[in-house]
Amino acid sequence: MDLGHYTPFVENAYTTITAFNNSQKFDKIKFYKYSIENKKPKFISNLKYSDFFVDNTIILPVSNFKNTFSEIYNIDISSNDIYVKNGFATLCDKVFIRDNFEFKSNIIDVLKVSTGEWKKCIFPYDENLKPLEFDKIEDKNLKNYLNQNKDILLNRSIDKNIPWYCFGRTQAISDVKTYRIAINNTIKDLDSIKLNELPEGTGAYSGLYIMTNKYSLEDIKKAVYSEEFLQYIRSLNKCKSGGYFTFSSSDLKKYLLYRLENNMKNSDFLNVVSNSFKEYLISGANSNKKLVILHGNIAKNIKQLLGDEYSVHSLGIRR
């Protein structure tokens with residue numbers, strides 16, 4: 001039974017409870033979803049184990065999205081055309097990030113990705129994005145401020161070899177001089193998705209950002225502002241309170257690669273035509289096997305471009 005957004009305990013924790021009985025074995029399971037409105041489990045279907053184990057992970061996607069989900073989830077993410085990364089991890093935002101500071105040096109604009117708000121951030125790094133030497137910080141007000149908060153900053157669980165007055169993790173620092181596209185990674189519906197441009201010289205925290213030289217902001221918008229993206233995120237089933245779902249940087253990269261990189265290229269099409277002609281030579285003019293190859297591949301690409309809210313009917317494609 002998938003409890004979804006329902007938390008049965010006082011603590012706000014999402015729980016898995018498993019009961020094993022070694023005396024009985026089954027080929028299928030009965031799958032239920034818990035209805036918060038009715039406060040009862042609702043039977044969905046009988047599932048084979050192969051239906052919900054994806055890459056040794058239990059995934060229960062929306063039934064009409066299962067095949068597409070498997071294609072996305074198993075995609076190779078080694079491509080360097082798209083990067084998706086986590087924002088700053090200061091491990092003490094209340095010290096490093098505010099609406100304004102009294103001093104102006106070593107300050108950059110920073111986006112709180114989850115809300116779309118711009119704030120100011122202390123950025124204790126030089127032009128090469130290396131930590132400043134504390135004794136060489138020229139602004140006395142900045143030095144005094146950091147010293148005043150030294151005990152708090154020392155109390156963080158920071159990475160090794162990181163100076164006490166710097167961010168707790170090095171993630172996202174090296175990308176500050178690069179144009180990026182920020183996206184919140186906790187969403188409920190299309191209206192809750194927040195895409196923002198991150199100009200060079202700015203930072204981001206509390207969310208993810210996308211780096212690509214191949215695709216534009218409009219390309220990214222078309223990909224994520226879609227019912228297909230929502231179905232994918234909901235199928236990951238990483239529930240948060242209030243009916244929201246969260247996703248990781250690798251989850252997003254998989255989807256973007258699937259949506260943007262998997263389109264049929266000219267060379268792919270020529271390959272399909274070649275394979276269709278070879279099948280014609282083997283099976284003859286009266287056989288439709290050549291059309292299964294040709295029409296099936298074209299239909300599959302059209303379906304991928306349109307998304308799961310449309311159905312495509314053709315030889316060589318499963319409905």
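The values are calculated or read from the model by the stated rules, or taken from the named source; none is laboratory data. Source: prediction; values computed, not measured. Quick reminder, even Gly has a Cβ in these numbers, built from the backbone with ideal geometry, and neighbours come from all protein chains shown. The accessibility values were calculated without ligands, DNA or RNA, using every heavy atom of the protein model including side chains. Shrake-Rupley method; radii C 1.70, N 1.55, O 1.52, S 1.80 Å.
Quick notes
- Net charge of Cβ neighbours under 14 Å - reference Pro163; Lys, Arg +1; Asp, Glu -1: +3
- Rh (Kirkwood; distinct C-alpha pairs) - the chain, Å: 23.4 Å
- Sites Ser216 and Phe20 - FRET efficiency at Förster radius 45 Å, r taken between beta-carbons, to 0.05: 0.30
- Taking label points 7 Å from Cα along the Cα-to-Cβ direction, Lys130 and Leu291 give a separation of 6.8 nm.
- The tail of the calculated P(r) for region 170-218 beyond 11 Å holds 69 percent of all Cα-Cα pairs.
- Region 114-202, relative contact order [Cα under 8 Å, separation at least 6], %: 27 percent
- Computed over the chain, relative contact order equals 18 percent, with contacts defined as Cα pairs under 8 Å that lie 6+ residues apart.
- Kirkwood Rh and Cα Rg combined as Rg/Rh, region 198-274: 1.06
- Between Lys278 and Ala299, the FRET efficiency estimated from the beta carbon spacing at R0 = 35 angstrom works out to 0.95.
- Rg and Dmax [Cα atoms of region 8-154; Å; Rg one decimal, Dmax integer]: 25.4, 73
- Beta bridges per DSSP, both residues in the chain: antiparallel share near 85 percent.
- Modelled spin-label separation between Ser105 and Asn237, with each label point placed 7 Å from Cα along the Cα-to-Cβ direction: 5.5 nm.
- Range of Cα positions in region 1-49 per principal axis (Å), largest first: 34, 21, 15
- Less than 5 angstrom separates the built amide H of Ala204 from those of Phe88, Leu111, all sequence-distant by 5 or more or on a different chain.
- Accessible area per residue (1.4 Å probe, heavy atoms of protein chains only) ranks Leu60, Leu153, Leu315 as Leu315, Leu60, Leu153, with the largest value leading.
- Phi to ³J(HN,Hα) by Karplus 6.51 cos²θ - 1.76 cosθ + 1.60 over region 164-170, Hz, x for Gly, Pro: 4, 9, 9, 4, x, 10, 8
- Exposure of Lys42 as accessible area (Å², to 10), given a probe of 1.4 Å and all protein chains: 130 Å²
- Among Ala19, Ala172, Ala204: highest mean-square fluctuation, GNM of the chain, C-alpha pairs under 10 Å: Ala19
- Semi-axis lengths (Å, descending) of the ellipsoid that matches the C-alpha gyration tensor of region 77-165: 25, 17, 14
- Bins of 10 Å, starting at 0 and running to the largest distance - Cα pair percent for region 59-115: 15, 28, 21, 20, 13, 3
- Pairs exceeding a 25 Å alpha-carbon distance, out of Lys104/Lys130; Lys104/Lys136; Lys150/Lys194; Lys130/Lys240; Lys28/Lys300: Lys150/Lys194; Lys130/Lys240; Lys28/Lys300.
- In region 1-110, chymotrypsin sites (Phe, Trp or Tyr not before Pro) in a DSSP loop with at most 11 other beta-carbon atoms within 10 Å: Phe9, Phe20, Phe26
- Note on region 147-232: the alpha carbon radius of gyration divided by the globular reference 2.2 N^0.38 Å gives 1.40.
- Cα gyration tensor shape for region 122-273, rounded if a/c is under 1.5, else prolate or oblate: prolate
- Computed with a 1.4 Å probe on the full set of protein chains, the accessible area for Glu11 sits at about 130 Å².
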